[in-house]
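Below is one structure; the comments refer to it alone.
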Amino acid sequence: MKLIIRGVFWFGLYLTLILFPLIAGIVFFQPDQAASPLIYLAIAAGYIALALMATELALVSRFKGVAGAFGLDSLLQFHRQIGIAAMFFATAHPVLLVADRAYSRSLVVPSTNAPWPVTVGIAAFVLAALVVGLSVYRRQLRMSYGVWHITHSLISIALIGFAAAHVLGLGRFAALPVVRALWAVYLAFFVIMYLRYRLFRPLSLMHRPWQVVENRTEHGNSHTLVLRPVGHEGFRFEPGQFAWIGFGRSPFAIDQHPISFSSNGDIPSHDGTIAFTIKRLGDWSAQVVPDVVPGTRAWVDGPYGVFTIDREEGAGYCLIGGGVGITPLYAMLQALETREDPRPVFMFHAANDFDDLTFREELDAMAERMPSLTLVTVLLRAEDDWEGERGFVTAEILTKYLPATLYRRFQYFICGPGPLMDAMEKTLPAIGVPGERVHTERFDMV
Amino acid sequence: MNHRIVSTVVIIIVTMFAASALLFTWAAVLVAPADGAVYAPADPHPPARRTANCVGCHTVGEGSIPVTHRNYRVDTCSACHRPSVRRLVPHAITMGESRCVLCHGEPARDLGMPVGHLRFESGECLLCHPVDHRFYDRQPAPAGLSLNFAADIAHPLGGVFQDCDRCHHVETRSTLPDNHREFAVETCMDCHETGRAE
């Protein structure tokens, strides 16, 4: 219910922000600018496309209020899917204009004779297609995350600028003073958001540097980085949360990555050290992280995230982790052990093979110490003498271990490869677990 | 949050935006009906070869076509800008075309031309306002007179009041309005009736 209330409030605000100029346009519109229904529809589609794209930055600019309500990973997913939807609206805009007999097909063909607002409109459309296309097909194009991140930011800014110039230079409704004033306010909001994201937030980190004190190799081709605060006390975090980390002399570097804490947030070390565990998956994690040496300056922006046991009440917990997705779940288990929480905890630890089991020794030791913890290890490829479960995590394996009378009242936290989380989001409701008790965390959006 | 919940929310929101676009279209059609001819200024030009090609005179560069029309095809002007309903001249043109403004030159007066017509040359009137063939020989009403509210005469017409010129000095120190100077003094009663005081 809390989620529904939060959703109604934030998305009500979101819908209002986007649709208000359309309502103002209707109220103040002058009939002498009358056009056909197709042109009105094209105007609405074009405006909604621009408004959706302009508000995309707000979704990922790490506002604590919004991120705290839904989780940054959910906002990233929303950002991605809304971006694709905005592209459909943007495509509908010229298609509807040409479909109206009053406009010619030459409208969509760049020409030296075309008025400048039309030309910048075409440029905005091409840039929008580029932004969405590069995000959806980055891996197929073998573009590094760092290059994608920079191009994504720059092209998005140019796209908003061109589209705003197109609307103000050519727009039928945008000719109204009240709509122009609204646009000015919205553009100012966009600029302030961007400055906050790229200037003020890094500035606030300037006085809170961190230093790498250990870079430890883990099973599963992973590394654990231990960081210590320099000149400040650090911070506490909820088990399962994450932070954006980056290295270098300045926090203004754009190369920052969201990584889950693998240390215990409940009782941090006396010197405030925190730990992140990172698997060699992409260009940064494979080329930069392994070579980070103790003494390296680091910048930590966090904590963020709602993928945490502290925000969900349940009769027990079921944690399902695959690969390096075990990291936030390991932080949860440490907190539960520290708190001596008596509720039952079931940890399903999945991996490709035995060597891929990150934190396997630590989890085994924890299972020895915690009577409430049931550790189930599932290997896709195992030796003949393997006594644990084999294959994928399935409904059969889950129901084999989970208490039949109680598991529907557990909270479920799943972190791992996309197929594992997709499968669990289908499997768990199929065995009777309510959908609102199933929590996943996804950062692999592009 | 559950990945599938987010996807469901996205679908709901996108559907709402699509519905909003349709709602906007419906409202816009109500506010400004799609039939542009209802509100688009009428084409004031008489049918003629030189007025058939709209963009021969009206160009975007000169600013005579609104910026929002830049992408209309030139052969679609008449879809919205229908020929205007012209007012025909209901009397003979006895004094020549350039004299129209003597009677119709003041917009504020009865049968005065619209303010927007003041920019036209006085010799162009018949280009848009031809004579109605039914009244080609009808003489126009006396020029410059108001048709509706000629003042009542506030005194009896007998005795010393019988001769208008005695007080109103038609020839010298006239008390008549400027636009009455050309009328013969014998014609006062054509318009001015005796008032209630009589």
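Provide B:CYS103, B:CYS57 ordered by accessible surface of protein heavy atoms (probe 1.4 Å), highest first.
B:CYS57, B:CYS103
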### Query
Taking Cα atoms, how many degrees apart are the long axis of helix A:326-339 and the longest axis of chain A, rounded to 10 and kept between 0 and 90?
60 degrees
### Summary
In this structure, the FRET efficiency calculated for B:VAL85 and A:LEU168 from their beta-carbon separation, with R0 = 45 Å, to the nearest 0.05, is 0.75
### Query
Which value in nm describes the separation of the simple spin-label points at A:LEU406 and A:SER61, placed 7 Å from the Cα toward the beta carbon?
4.7 nm
### Task
Have a look at A:ILE150, A:ILE48, A:ILE160 and tell me which one the Gaussian network model of chain A (Cα, springs below 10 Å) gives the largest fluctuation.
A:ILE150
### Query
Roughly how much of B:CYS188 is accessible, in Å² to the nearest 10, using a 1.4 Å probe?
40 Å²
### Query
Where a ≥ b ≥ c are the square roots of the eigenvalues of the C-alpha gyration tensor, would you call the stretch A:300-446 rounded, which needs a/c under 1.5, or, failing that, prolate if a/b is larger than b/c, or oblate?
rounded
### Query
What is the extension gain from A:LEU154 to A:SER111, computed as 0.36 nm multiplied by their sequence separation minus the C-alpha to C-alpha distance, in nm to one decimal?
13.0 nm
### Where only alpha carbons of the stretch A:137-196 are counted, the Rg and the Dmax (Å)
15.5, 46
### Message
For chain A, take the longest principal axis of its alpha carbons; what is the angle in degrees between that and the long axis of helix A:72-99, to the nearest 10 within 0 to 90?
### Response
20 degrees
### Message
How far apart, in nanometres, would the label points at A:ARG249 and B:ASP190 be if each is projected 7 angstrom from Cα along the Cα-to-Cβ direction?
### Response
10.0 nm
### Query
By the gyration tensor of its Cα atoms, with a ≥ b ≥ c the square roots of the eigenvalues, what is the shape of the stretch A:298-386: rounded for a/c under 1.5, prolate for a/b over b/c, or oblate?
oblate
### Summary
Among A:ARG390, A:ARG180, A:ARG311, the residue with the largest mean-square fluctuation in a Gaussian network model of chain A built from Cα contacts under 10 Å is A:ARG311
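Report the full-extension gain for the segment A:LEU13 to A:ALA395: residue separation times 0.36 nm, less the Cα-Cα distance, to one decimal in nm.
133.6 nm
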### Task
Considering only A:LEU336, A:LEU281, A:LEU379, give the residue with the highest GNM mean-square fluctuation for chain A, with springs between Cα atoms whenever their separation is below 10 Å.
A:LEU281
### Task
Starting from the residue with the highest accessible area, list B:SER7, A:SER204 in decreasing order, probe 1.4 Å.
A:SER204, B:SER7
### Query
Using r as the Cβ-Cβ distance of B:GLN139 and B:VAL160, and R0 as 30 Å, what FRET efficiency do you calculate, to the nearest 0.05?
0.30
### B:THR76-A:ALA99 pseudo-label distance in nm [points 7 Å out on the Cα-to-Cβ vector]
1.4 nm
#### Entry: Potential lengthening between A:ASP283 and A:GLN211 on full extension [0.36 nm per residue; Cα-Cα distance subtracted]
23.7 nm
## Note on the structure
Interchain or sequence-distant (5+) residues whose placed amide H lies within less than 5 Å of the amide H of B:VAL131 are B:VAL89
### Query
Going from most exposed to least, what order do B:HIS117, B:HIS133, A:HIS152 have by accessible area with a 1.4 Å probe?
B:HIS133, B:HIS117, A:HIS152
#### Entry: Residues whose placed amide H lies under 5 Å from that of B:ASP43, excluding near-sequence neighbours
B:ARG82, B:SER84
### Query
Once a ≥ b ≥ c are taken as the square roots of the eigenvalues of the Cα gyration tensor of the stretch A:211-358, is the result rounded (a/c under 1.5), prolate (a/b larger than b/c) or oblate (a/b not larger than b/c)?
oblate
### Message
Tell me the accessible surface of B:ILE13 in square angstrom (1.4 angstrom probe, heavy atoms of protein chains only), to the nearest ten.
### Response
10 Å²
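The values are calculated or read from the model by the stated rules, or taken from the named source; none is laboratory data. Keep in mind the model is a prediction, meaning the values are calculated, not measured. Counting neighbours? That spans all protein chains shown, and the Cβs are built from the backbone with ideal geometry, glycine included. The protein model used for the area step is the full one, side chains on, heavy atoms only, and it has no ligands, DNA or RNA in it. Shrake-Rupley method; radii C 1.70, N 1.55, O 1.52, S 1.80 Å.
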